[in-house]
Amino acid sequence: MQIAIISDVHNNEVNLEKVLDYCQKEKIKSLVCCGDLASKETLDFMKDSFAGEIYYTFGNADYTDLRELEGQKKYQSVFLFKNFGEVEIEGKKIAFVHFPDIAKKLAESGKYDFVFYGHTHKPWEENIKKCKMLNPGNVAGEIFLPTFAIWDTENDNFQLIRVHDLR
C-alpha cells in the first residue's frame with residue numbers, strides 16, 4: 001500500500017490538486033497531512049477531491065475557521081488531531097505533527113516506527129534510534145520547491161515527488 005504524506009499547503013489549491021490527481025492515478029487510499037492547510041475551505045477541497053482516509057494535524061498557519069474544528073475527532077471523512085496524530089498503518093506505529101521539535105521528541109520516545117512533520121518547508125529524512133523522521137517538504141512552494149512524499153508500506157521506502165514534475 002502507498003500512503004501520501006503532505007504538509008504546508010498554505011491554501012495553494014492549484015498545487016494541492018496536482019498532488020490529489022497523482023494520488024488518484026496511483027490509487028493511493030490514505031493521506032497524512034502535517035498541518036498548515038490554512039483554511040477550512042482548503043480542507044473541504046482536499047476531502048472533496050480525495051476519496052480515501054485523511055489524517056490531519058493542525059499547524060501554526062491554520063486560521064480561525066479551521067481552528068473551529070480542533071475539538072472534533074472527525075470532520076466528515078477527515079480524522080483530526082489537535083497537537084499530534086497517532087495511528088497504526090500496516091502494523092507500523094506512526095506519529096505525525098506540524099512542528100519539528102515535537103517530532104524529534106516523539107521519535108526519541110521509542111514508541112514509533114515513523115514520525116512525519118512539517119513547518120520548515122524543507123524535505124528532510126533522519127533516523128533517531130529505530131525511528132525514521134520525515135518531512136515531506138511543502139505543497140505550497142514557499143521557500144523551497146513544492147514537494148510531497150509517498151511511503152510504500154510493503155518495503156518502507158519513501159519517494160519524494162516534486163509537484164512541478166507532475167502533469
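The condition of being surrounded by 15 or more Cβ atoms within 10 Å (Cβ to Cβ), in contact with a Gly (Cβ under 9 Å, 6 or more places away or on another chain) and modelled with pLDDT of 95 or more holds for only one of A140, A149, that being A149. Taking residues in region 141-157 that are touching a residue at least 40 places away in the same chain (Cβ under 8 Å), and partners anywhere that are surrounded by 12 or more Cβ atoms within 10 Å (Cβ to Cβ) and polar (S, T, N, Q), the pairs with Cβ atoms closer than 7 Å and at least 6 places apart or on different chains are G141/N12; G141/N15; P146/N15; P146/N138; I150/Q2; W151/Q2; D152/Q2. Among the residues of region 27-40, is any under 25 Å from R162 (Cβ atoms), aliphatic (A, V, I, L, M), touching a residue at least 24 places away in the same chain (Cβ under 8 Å) and in contact with a His (Cβ under 6 Å, 6 or more places away or on another chain)? Looking through region 27-40, at least one residue is under 25 Å from R162 (Cβ atoms), aliphatic (A, V, I, L, M), touching a residue at least 24 places away in the same chain (Cβ under 8 Å) and in contact with a His (Cβ under 6 Å, 6 or more places away or on another chain).
Of the listed requirements (1) at pLDDT 95 or above; (2) in contact with a Ser or Thr (Cβ under 8 Å, 6 or more places away or on another chain); (3) closer than 21 Å to A140 by Cβ; (4) surrounded by fewer than 21 Cβ atoms within 10 Å (Cβ to Cβ), Q2 misses just one: (3). Within region 70-98, residues that are more than 21 Å from F45 (Cα to Cα) have Cβ atoms under 9 Å from residues that are exposed (fewer than 13 other Cβ atoms within 10 Å of the Cβ) and among the charged types (D, E, K, R) in these pairs: E86/K111; E90/E154; K92/D156; K93/K111; I94/E88; A95/K111, counting only partners at least 6 apart in sequence or on another chain.
For G85, the conditions (1) of a type outside the set (A, V, I, L, M, F, W, C); (2) within 16 Å of G118 (Cβ to Cβ); (3) in contact with an Asp or Glu (Cβ under 9 Å, 6 or more places away or on another chain); (4) surrounded by 18 or more Cβ atoms within 10 Å (Cβ to Cβ) all hold with the exception of (3). Scoring D152 on the criteria (1) more than 13 Å from the chain's Cα centre (by Cα); (2) closer than 25 Å to L43 by Cβ leaves a single failure, condition (2). For region 127-161, a residue qualifies if it is of a type in the set (D, E, K, R) and closer than 25 Å to D62 by Cβ, and exactly one does: E142. Residues that are on the phi > 0 side of the Ramachandran plot and loosely packed, with under 14 Cβ neighbours inside 10 Å within region 91-122 comprise G91, G110, listed in sequence order.
The values are calculated or read from the model by the stated rules, or taken from the named source; none is laboratory data. Please read these numbers as outputs of a predicted model, since none were measured by experiment. Note: ideal-geometry Cβ built from the backbone for every residue, glycine included; neighbour counts use all protein chains shown.
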